[in-house]
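Enquirer: Take a look at the following structure, please.
The values are calculated or read from the model by the stated rules, or taken from the named source; none is laboratory data. The structure presented is a predicted model; accordingly, all values stated were derived computationally and were not measured. In this analysis, Cβ positions are derived from the backbone assuming ideal geometry, glycine residues included, and neighbour counts consider all displayed protein chains. Ligands, DNA and RNA are excluded from the accessible area calculation, which covers all protein heavy atoms including side chains. Shrake-Rupley method; radii C 1.70, N 1.55, O 1.52, S 1.80 Å.
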Amino acid sequence: MILVWSAIAFANCWVWFAGVNLGKKDGCDVKVFSVSIYHDAWQTFLRIVAVIGCILGMVFTIIGILAIRWNLTTSFTQRHSKEPSKRRNLRPELRSTAFQIVMGALAIVVTEMTEMTMKINDYQMSEPLGSSRQLLPFSIAVVNVVATIGSGFRNLVQ
């Protein structure tokens, strides 16, 4: 999940430095929090945020790669260890579950912000939720949320 958020942070740099004006059309004003994304002060602010996000994204990428490496080596050594397992420490599981909850809450906030942006800009969905274009991404999101919550609780219960 950290690597996904890092990729989003890297993409934001491109969006605010190169891509924001690519689709601009006369008379079409896109607003976020009731502020136009084409306003110069807003773009400057979001460019600064994007650079900070890119730096944090690099840090999170390194942390994510180290976490994957740690997870692979730890699971391998535990599987092939001949020693009886010692008393189990719940701290890593608690941290992992807390992190999953925070990332899930952040995803909910981002989704709500997207919905509010669509409402402010009077964007109408052309197809109902039952259509394949809407139902497939929605189903994938529901499965991911259930898997994340289940994984977090499984970490605590085991």
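Enquirer: I'd like the accessible area for Ile55, computed on protein heavy atoms only with a 1.4 Å probe and all protein chains in place. Round to 10 Å², please.
Expert: So the heavy atoms of Ile55 present about 110 Å² to solvent.
Enquirer: Then there is this: Expressed as a whole percentage, what fraction of the accessible surface of segment 1-80 belongs to carbon and sulfur atoms when a 1.4 Å probe is rolled over the protein heavy atoms?
Expert: It is 72 percent, rounded to a whole number.
Enquirer: Oh, and also: In terms of modelled amide H atoms, which long-range or inter-chain residues lie less than 5 Å from the amide H of Val30?
Expert: Those qualifying (amide H under 5 Å, at least 5 residues apart or on another chain) are Ile37, Tyr38.
Enquirer: Right, another one. What does a probe at Lys24 reach in segment 34-48, counting residues whose amide N is under 17 Å from the point 7 Å along Cα→Cβ?
Expert: What the label zone holds, given the 17 Å backbone N cut-off, is 35-48.
Enquirer: Find out how many positive minus negative residues lie around Met113, taking Lys and Arg as positive, Asp and Glu as negative, among other residues whose Cβ is under 14 Å from that of Met113.
Expert: Numbers: positive: Lys31, Lys119; negative: Glu112, Glu115.
Its environment carries a net charge of 0.
Enquirer: Calculate, for segment 94-145, the solvent-accessible area per residue in square angstrom, rolling a 1.4 angstrom probe over the heavy atoms of the protein chains.
Expert: Details: 4130 Å² over 52 residues.
On a per-residue basis, segment 94-145 sits at 79 Å².
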